[in-house]
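Chemist: Please read through the structure below; I'll follow up with questions.
The values are calculated or read from the model by the stated rules, or taken from the named source; none is laboratory data. These numbers come from a predicted model, not from an experiment. Heads up, the Cβs are rebuilt from the backbone with ideal geometry, glycines too, and the neighbour counts pull from every protein chain shown.
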Amino acid sequence: MNKKTDAIMDDVLSGLDSRGATPDRGGARFLKRSTAIAERMTGERQEKTLHLVDPARCRMWERHNRDYALLTPENCRDLIDGIKAQGQQEFPAIVRRLDGEAHDFEVICGARRHYAVSWLRANNYPQFRYLVEVRDLTDEEAFRLADIENRDREDISDYERAVDYAQAIKLYYGGQQKAMAERLEVSPPWLSRYLTLAKLPEDILDAFATRRDIRERHARALKPLMNVPEQAAAILEEAKFLAQTQARAAKGQGGYVEAQEVFKRLMRAAKPTAKVAKVTTGTLYARSQGERGIMVKKQGKQVQMSFDADLTDGSLRAAFENYLSARKS
């Protein structure tokens with residue numbers, strides 16, 4: 001305790017003695033310690049021991065609800081700059097101690113903090129260390145703690161959270177959605193929406209530029225359509241075409257298709273209308289019966305093709321392939 005704090009405590013205590021005596025500084029310190037001990041014994045006060053460690057001594061818990069591989073200096077820039085400005089990490093990560101392994105600690109909460117400190121140490125700031133609080137937690141307790149800390153954070157994507165929930169319901173709750181919802185203190189319908197997202201087919205996931213772009217509302221809208229075989233087939237075909245476009249963009253060949261556009265095109269693929277192109281004479285080639293496609297009309301040695309401008313790429317490609325097949329026969 002420093003002299004300034006002692007002086008403040010002495011001043012507070014000065015009027016408490018009925019004899020008008022002023023407690024000495026040693027008495028003030030004794031009274032403060034006694035009060036702290038009493039608070040700890042009654043549970044009104046808890047003290048935590050924090051450690052500053054080399055982040056290399058820590059590994060991510062395998063069930064951490066954040067995908068560490070998706071962290072970059074760009075999406076952690078706010079935290080990196082904050083640590084530099086403050087000169088330290090403000091809030092401790094939660095870890096468990098490991099025995100007899102290559103690492104000393106397992107990170108339950110604090111992946112971004114771990115990444116930020118590690119990045120700083122590797123980029124000319126070796127003085128920074130990782131601030132951690134060690135706790136003794138079961139896996140189920142660790143899962144709930146991580147969920148509570150990150151549930152309202154926008155930098156955890158819907159899909160990361162959905163995958164985390166889908167794994168947890170099997171590991172800790174025997175597949176019982178109601179039991180899991182009660183432990184997390186959320187409504188069963190709310191939890192169900194995230195579990196639905198985790199079940200989306202890989203083809204649909206790959207249709208998005210990154211899985212961080214996929215939202216719970218996307219899965220909610222697609223779910224009833226995927227229950228109808230014809231609509232599901234159309235969605236998956238469009239998704240495969242979009243996935244090819246995204247894969248080419250990842251190689252620098254063209255641009256990415258934005259998440260909202262991906263969602264619109266998947267929805268359009270599932271809901272074809274009987275509307276056809278303005279040219280009504282000729283032969284219609286479409287992906288399936290009742291769907292819009294390409295109207296083909298032959299005039300002498302020329303072939304005219306007409307189709308709606310908003311026809312999805314998947315529908316257009318399938319219709320054109322049907323035309324080519326008919327042409328060869």
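Chemist: Is there a residue in the stretch 155-169 that is basic (Lys, Arg) and modelled with pLDDT of 95 or more? Spell out the reasoning first.
Modeler: First, the residues of the stretch 155-169 that are basic (Lys, Arg): 161.
If we keep only those that are modelled with pLDDT of 95 or more as well, we get none.
No - not one qualifying residue is present in the stretch 155-169.
Chemist: Let me ask something else about it. Among the residues of the stretch 311-328, are any out of contact with any Lys or Arg (no Cβ under 8 Å at 6 or more places or on another chain), acidic (Asp, Glu) and either at pLDDT below 75 or farther than 27 Å from ASP203 by Cβ (or both)?
Modeler: Taking the stretch 311-328 first, the residues out of contact with any Lys or Arg (no Cβ under 8 Å at 6 or more places or on another chain) are 316-317, 320-321, 323-328.
Of the ones still in play, those that are also acidic (Asp, Glu) are 321.
This time we only want the ones that are either at pLDDT below 75 or farther than 27 Å from ASP203 by Cβ (or both), so: none.
No: zero hits.
Chemist: Tally time: how many residues in the stretch 113-156 are β-branched (Val, Ile, Thr) and within 20 Å of the chain's Cα centre (by Cα)? Spell out how you get there, then give the answer.
Modeler: Applying the first criterion (β-branched (Val, Ile, Thr)) to the stretch 113-156 yields 117, 132, 134, 138, 148, 156.
Checking which are within 20 Å of the chain's Cα centre (by Cα) leaves us with 148, 156.
So the count comes out to 2.
Chemist: Check GLN176 against each of (1) surrounded by 16 or more Cβ atoms within 10 Å (Cβ to Cβ); (2) at pLDDT 95 or above; (3) not acidic (Asp, Glu) and name the one condition it does not meet.
Modeler: All conditions pass for GLN176, except number (1).
Chemist: Going through the stretch 213-254 one residue at a time, which ones are over 24 Å from the mean Cα position of the chain (by Cα), at pLDDT 90 or above and of a type in the set (Gly, Ala, Ser)?
Modeler: Selection gives ALA232, ALA233, ALA234, GLY252.
Chemist: Can TYR125 be described as more than 27 Å from THR210 (Cα to Cα), surrounded by 15 or more Cβ atoms within 10 Å (Cβ to Cβ), modelled with pLDDT of 95 or more and of a type in the set (Phe, Trp, Tyr)? Please lay out each step first, then the result.
Modeler: Numbers: more than 27 Å from THR210 (Cα to Cα): yes; surrounded by 15 or more Cβ atoms within 10 Å (Cβ to Cβ): no; modelled with pLDDT of 95 or more: yes; of a type in the set (Phe, Trp, Tyr): yes.
No, not satisfied.
Chemist: Another question, if that's okay. Can you tell me which residue within the stretch 66-83, out of those that are farther than 22 Å from GLU133 by Cβ and touching a residue at least 12 places away in the same chain (Cβ under 8 Å), is surrounded by the most Cβ atoms within 10 Å (Cβ to Cβ)?
Modeler: In this case the residue turns out to be ASP67.
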